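Chemist: Structure provided below as structure tokens; questions to follow.
The values are calculated or read from the model by the stated rules, or taken from the named source; none is laboratory data. Predicted model only: the values in this text are computed from it and were never measured. Positions of Cβ are generated from backbone atoms using ideal geometry, with glycine treated the same way; all protein chains shown enter the neighbour counts. The accessibility values were calculated without ligands, DNA or RNA, using every heavy atom of the protein model including side chains. Shrake-Rupley method; radii C 1.70, N 1.55, O 1.52, S 1.80 Å.
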Amino acid sequence: MTPMTKRLRILAVDDNRTNLHILQVFLKKLGHEIILAENGQEALDKFESERPDIILLDIMMPVMDGFEAARRIKAHTTERWVPIIFLSALNRDENLLEGLEAGGDDYLTKPINFIVLEAKLRSMQRSLDLQQQSIDALNRLKTISDAVLEAIITIDTKGCIRSCNLATERVFGWLPEELEGLNVNVLMHEPFHSAHDAYISNYVQGGP
């Protein structure tokens, strides 16, 4: 493993045990931790219990195929991006398209070119590192925000509350988790309550 990479937890999924063993040996040589699964349902279970960083997912498997497993995994992924690389002997354009639509992030045909796989893993690692840096920066900002005495509330262009600090409860009497997702006008008296959506719309369109 080179200095630019770090140990990844990789979930490898394939119903062929020989393929799994080859993947396991290769990935361990790169210094990564390997989690194995032999069908889509087992992959989903391992994803929920083991929290891998990257998933290498075969398509044609019993119990649950790779496409369905990818869709379910992506439905569970809310806090962080977990890249899925499909590994399959299917190499037609429609298979690639279905894989991407199911939530796959990349596609590698079998027999696996391990030089290409290593390059893809390095690329994914750089993206994951950037994601972690963003999460760390957001957590630092949240810590600073929660230490401020004034209420700090962020909204989107439709006026929907996306985040608020701890002081919001003291100022407005709402818990942050109660406010998130509501329109910010719930905190306003009339006439501002009724007019605020128009204020935002005007601002988004370039007005004051």
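Chemist: I'm trying to understand the selection: among the residues of segment 158-187, which are in contact with a Pro (Cβ under 9 Å, 6 or more places away or on another chain), surrounded by fewer than 17 Cβ atoms within 10 Å (Cβ to Cβ) and in a helix (DSSP H, G or I)?
Modeler: Within segment 158-187, just 169 meets the criteria.
Chemist: Which number in (1) open to solvent by 50 Å² or more (accessible area, probe 1.4 Å); (2) free of Cβ contacts under 8 Å to residues at least 40 places away in the same chain; (3) under 30 Å from residue 82 (Cβ atoms) marks the one condition that residue 145 misses?
Modeler: (1)
Chemist: Within segment 99-113, which residues are over 14 Å from residue 74 (Cα atoms), open to solvent by 60 Å² or more (accessible area, probe 1.4 Å) and either modelled with pLDDT under 85 or of a type outside the set (S, T, N, Q) (or both)?
Modeler: 111
Chemist: When you scan segment 21-59, how many residues do you find that are closer than 20 Å to residue 115 by Cβ, part of a helix (DSSP H, G or I) and either touching a residue at least 24 places away in the same chain (Cβ under 8 Å) or among the aliphatic types (A, V, I, L, M) (or both)?
Modeler: Residues flagged as closer than 20 Å to residue 115 by Cβ, part of a helix (DSSP H, G or I) and either touching a residue at least 24 places away in the same chain (Cβ under 8 Å) or among the aliphatic types (A, V, I, L, M) (or both) within segment 21-59 amount to 5.
Chemist: Within segment 63-83, track down each residue that is open to solvent by less than 30 Å² (accessible area, probe 1.4 Å) and part of a helix (DSSP H, G or I).
Modeler: 66, 67, 69, 70, 73
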